[in-house]
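K.L.:
Okay, here's the structure, questions in a sec.
The values are calculated or read from the model by the stated rules, or taken from the named source; none is laboratory data. Keep in mind that this is a model prediction, so the values were computed, not measured. Backbone-built Cβ (ideal geometry, glycine too); neighbour counts: all protein chains shown.
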Amino acid sequence: MTISEVEVAATERRIEGIIAVLGGAITLGAGLKWGLRGALGAGVGTALCLLNFRWLRQGATEVIRLGLAQEGAEQVDVPRRLHAKFFGRLILLPLVVYAILAWLRLPVASVICGLAAVVPAIMIELAYELIRGHHHWNAQ
């Protein structure tokens, strides 16, 4: 059994949807606990979480496609723009978070809660795939 690109894309879309739903719940909870600024922090954190997930997904997809296209090549050519895109997010996101916390002075806990929405989203997706029998551990 092989994993098709359609199945992978569906999984990634579900994770993005779960992040958005969890982000809404986190934002509501932060608003109840810390008020409007807490809700804003959680919302901004969730938006950055979604952006980071999409950038990671796009970068990983490009690396995989590039690797498959150059399979068997002795010298693999990786464009500099791919390095910039893949690793640039690791520099850009902490700078954006710092700017949000330093200038907007939003509650740190609410921003971190929004940023961390990807963790339970992936766990929920894993549970969904296990329950539905869609796991691919033995895929060839």
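K.L.:
For the stretch 35-43, indicate whether the set of residues that are modelled with pLDDT of 90 or more, in a loop (DSSP other than H, G, I, E, B) and over 23 Å from Leu95 (Cβ atoms) is non-empty.
P.N.:
Filtering the stretch 35-43 down to residues modelled with pLDDT of 90 or more leaves 35-43.
Remaining after also requiring in a loop (DSSP other than H, G, I, E, B): 35.
The next check asks that each one be over 23 Å from Leu95 (Cβ atoms); those that pass are 35.
Yes, the conditions are met somewhere in the stretch 35-43.
K.L.:
Quick test for you: out of Glu7, Glu12, pick the one residue that is of a type in the set (Asp, Glu), touching a helix residue (DSSP H, G or I) at 6+ places or on another chain (Cβ under 8 Å) and within 29 Å of Glu129 (Cα to Cα).
P.N.:
Numbers: Glu7 fails: touching a helix residue (DSSP H, G or I) at 6+ places or on another chain (Cβ under 8 Å).
Within the list Glu7, Glu12, the selection yields Glu12.
K.L.:
Among the candidates Leu56, Leu22, Leu66, single out the residue that is on the phi < 0 side of the Ramachandran plot, crowded, with 18+ Cβ neighbours inside 10 Å and touching a residue at least 12 places away in the same chain (Cβ under 8 Å). Working first, answer last.
P.N.:
Working: Leu56 fails: crowded, with 18+ Cβ neighbours inside 10 Å; Leu66 fails: crowded, with 18+ Cβ neighbours inside 10 Å.
Just one listed residue meets the conditions, Leu22.
K.L.:
All but one of (1) more than 13 Å from Leu115 (Cα to Cα); (2) modelled with pLDDT of 90 or more hold for Cys49, so report the exception by its number.
P.N.:
(1)
K.L.:
Test each condition in (1) under 14 Å from the mean Cα position of the chain (by Cα); (2) at pLDDT below 90; (3) among the β-branched types (Val, Ile, Thr) for Ile19 and report the one that comes out false.
P.N.:
Among (1) under 14 Å from the mean Cα position of the chain (by Cα); (2) at pLDDT below 90; (3) among the β-branched types (Val, Ile, Thr), Ile19 violates only (2).
K.L.:
Let me ask something additional. Against the definition (touching a residue at least 12 places away in the same chain (Cβ under 8 Å), within 12 Å of the chain's Cα centre (by Cα), on the phi < 0 side of the Ramachandran plot and surrounded by fewer than 17 Cβ atoms within 10 Å (Cβ to Cβ)), how does Arg89 come out, yes or no? Full working, then the answer.
P.N.:
Numbers: touching a residue at least 12 places away in the same chain (Cβ under 8 Å): yes; within 12 Å of the chain's Cα centre (by Cα): yes; on the phi < 0 side of the Ramachandran plot: yes; surrounded by fewer than 17 Cβ atoms within 10 Å (Cβ to Cβ): no.
No, not satisfied.
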